[in-house]
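Below: the structure, in structure tokens.
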Amino acid sequence: YRAALSPLFLSPDAVKRYSDITFVYPPLHGTGVKIVPEALRLMGFKNIYGVEAQNIYDGNFPTVKSPNPEESSALEMAVARANEVGADVVMATDPDADRMGIALRDCDGKMVLMNGNQTASILTYYLLERWKELGKLNDKTYMVKTIVTTELMAAMAKAYGVKMYNVLTGFKYIAEVVREHEGKELFIGGGEESYGFNAGEYVRDKDAVIACSLFAECTAWCASQGKTPFQLLQEIYRQYGLYKESLLSLTKIGKAGVEEIQAIMKSFRNNPPTELAASPVIKVVDYLEPEKTKLPKSDVLQFFSKDGSVVSVRPSGTEPKIKFYFGVHGEGCDEKIEALRAQFSGKDLK
């Protein structure tokens, strides 16, 4: 596994020059405790601090409410540790080390949490730019994202002339694309908004060891250009326009809840919204129609508006929830997100 990581690395010279970048890494009581620091040191990084209380294997996860890097509270101890040691980046993995959460220093030096879309966007840009610089891009290279993940990834891939495959929610669908194209096309990388990312064809699932290694390398590459990953994200927004995403989950308990969720989905199919935050809806995609989507049948609806906003609606596969994924682009992103949350908050869903 360690040997298989090495071909994925793209900037060894930058890592050598900036091997003193400081990271804080908590495994959140899980399996990344040895392999992630080992992978970073294998690359050449020297300053990797842990969070001692969270380095202990413990299925009760005693230091966190939830060992989920999507939850801001899960990274509180790591951020405190980063401020204590002056770390540049916090990287945390969930207990089975397949998802990664990130905190970066903003332009004022304050630690801020990245969401899954932001982290995936930074890694996507880094992979595309470095593959281009190394002359590795061609008409057989591609990336993959899920349909509810930021469209910024697709915009960047298009700008680099790289095909972006869109798949259903779940990393198994990304892995399926890799399997189908093995030996015919070359997978650069891909990810999902729920903090999963992967690169290369060796591991056929989201992999936080690879994601942490690449993000650390990206940090060194940024340093070689006199900037931080946070500043890189701002440059991406300036180049491609601001993208912002949000998730709304409505819990519907019991048999009545299941029926209500079914009724909501039926209502949206029969009477789809005509506008999203005052912008006309120009396209509706129903993933129960595989003959149109060319994807497996799934109870998902997507609405696209003229101004580039997209709303995806689907029942959760594991919880009694109906989920609304909002994505907006351009000016007034905060206002658009708030308008969409109000529009789909539940008051008009019956």
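A few remarks follow.
- Exclusive hit being more than 21 Å from the chain's Cα centre (by Cα), at pLDDT below 95 and more than 30 Å from GLN225 (Cβ to Cβ), set GLU259, GLU275, GLU289, GLU335: GLU259
- Verdict on PHE215 being under 30 Å from ARG17 (Cα atoms), part of a strand (DSSP E or B), open to solvent by less than 10 Å² (accessible area, probe 1.4 Å) and not basic (Lys, Arg): no
- Qualifying residue in region 329-336 (condition: in a strand (DSSP E or B) and in contact (Cβ under 8 Å) with a residue 24 or more places away in the chain): yes
- If you check ALA339, ALA278 for being hydrophobic (A, V, I, L, M, F, W, C), surrounded by 15 or more Cβ atoms within 10 Å (Cβ to Cβ) and over 21 Å from TYR173 (Cβ atoms), only one passes: ALA339.
- Residues satisfying the stated conditions in region 186-212, i.e. open to solvent by less than 20 Å² (accessible area, probe 1.4 Å) and out of contact with any helix residue (DSSP H, G or I) (no Cβ under 8 Å at 6 or more places or on another chain): ASP207
- Residue selected from region 5-45 under the condition touching a strand residue (DSSP E or B) at 6+ places or on another chain (Cβ under 9 Å) and of a type in the set (D, E, K, R), by the criterion nearest to PRO67 (Cα to Cα): ARG41
- Contact annotation: no residue pair with Cβ atoms under 8 Å, 6 or more positions apart or on different chains, pairs a residue in region 256-277 that is under 11 Å from PRO315 (Cα atoms) with a partner that is part of a helix (DSSP H, G or I).
- Candidates ILE48, ILE56: the one that is surrounded by fewer than 17 Cβ atoms within 10 Å (Cβ to Cβ) and among the aliphatic types (A, V, I, L, M) is ILE56.
- Wholly within region 234-307, strands (runs of 3 or more DSSP E) carrying at least 2 residues that are of a type in the set (D, E, K, R): 243-251, 279-286
- The set of residues from region 228-255 being exposed (fewer than 15 other Cβ atoms within 10 Å of the Cβ), under 21 Å from LYS321 (Cβ atoms) and touching a residue at least 40 places away in the same chain (Cβ under 8 Å) comprises SER249, THR251, ILE253, GLY254.
- Taken over region 1-38, the criterion of being assigned to a helix (DSSP H, G or I), of a type outside the set (A, V, I, L, M, F, W, C) and open to solvent by 10 Å² or more (accessible area, probe 1.4 Å) is satisfied by ARG2, SER6, PRO7, PRO12, ASP13, LYS16, ARG17, LYS34, PRO37, GLU38.
- Yes/no for SER316 being under 25 Å from GLU71 (Cβ atoms) and surrounded by fewer than 14 Cβ atoms within 10 Å (Cβ to Cβ): no
- Residue that is modelled with the lowest pLDDT [pool: residues in region 23-70 that are under 21 Å from PRO229 (Cβ atoms) and charged (D, E, K, R)]: GLU70
The values are calculated or read from the model by the stated rules, or taken from the named source; none is laboratory data. It should be emphasised that the depicted structure is a prediction, and the values quoted were computed from it without experimental measurement. Glycine also receives a Cβ, built like all others from the backbone with ideal geometry; neighbour counts cover every protein chain displayed. When the accessible area is computed, the model is the full protein with side chains, heavy atoms only, and any ligands, DNA or RNA have been set aside. Shrake-Rupley method; radii C 1.70, N 1.55, O 1.52, S 1.80 Å.
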